[in-house]
Amino acid sequence: MTVTNAAMYRVSDQEAAKLRKRFTDAAPEVGYELESDMDAPSGLPTVSLTGTSVAFDGRAFRIADAGSSEDAAIVTRFVRQLD
């Protein structure tokens, strides 16, 4: 599942990189380890939260097929935090 809003289509690569950086800075502060995936389907570098099904590329959050309601809550938390 991909979680986006219409604004994602107006996010430049530079803005996406800034959002991805904010995500990577915020995740460890709340106890998540990170993994990078340079071969993401979006073509942008993606950062995943270890132990979850959540990934973020600066434009869209993705929850893998094995995702749970906890993963949805994680996305909600970061969407609010990243505004």
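The values are calculated or read from the model by the stated rules, or taken from the named source; none is laboratory data. All figures in this text were calculated on a predicted structure; none of them were measured in a lab. In this analysis, Cβ positions are derived from the backbone assuming ideal geometry, glycine residues included, and neighbour counts consider all displayed protein chains.
Numbers below:
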| item | result |
| --- | --- |
| Residue pairs meeting the criteria (Cβ under 9 Å; at least 6 apart or on separate chains; first on the phi < 0 side of the Ramachandran plot and among the β-branched types (Val, Ile, Thr), in segment 27-45; second at pLDDT below 80 and surrounded by fewer than 12 Cβ atoms within 10 Å (Cβ to Cβ)) | none |
| Conditions (1) surrounded by fewer than 18 Cβ atoms within 10 Å (Cβ to Cβ); (2) at pLDDT below 90; (3) not in a strand (DSSP E or B): number failed by SER36 | (3) |
| Residues of segment 55-83 that turn out to be over 13 Å from ALA26 (Cα atoms), among the aliphatic types (A, V, I, L, M) and out of contact with any helix residue (DSSP H, G or I) (no Cβ under 9 Å at 6 or more places or on another chain), as a count | 4 |
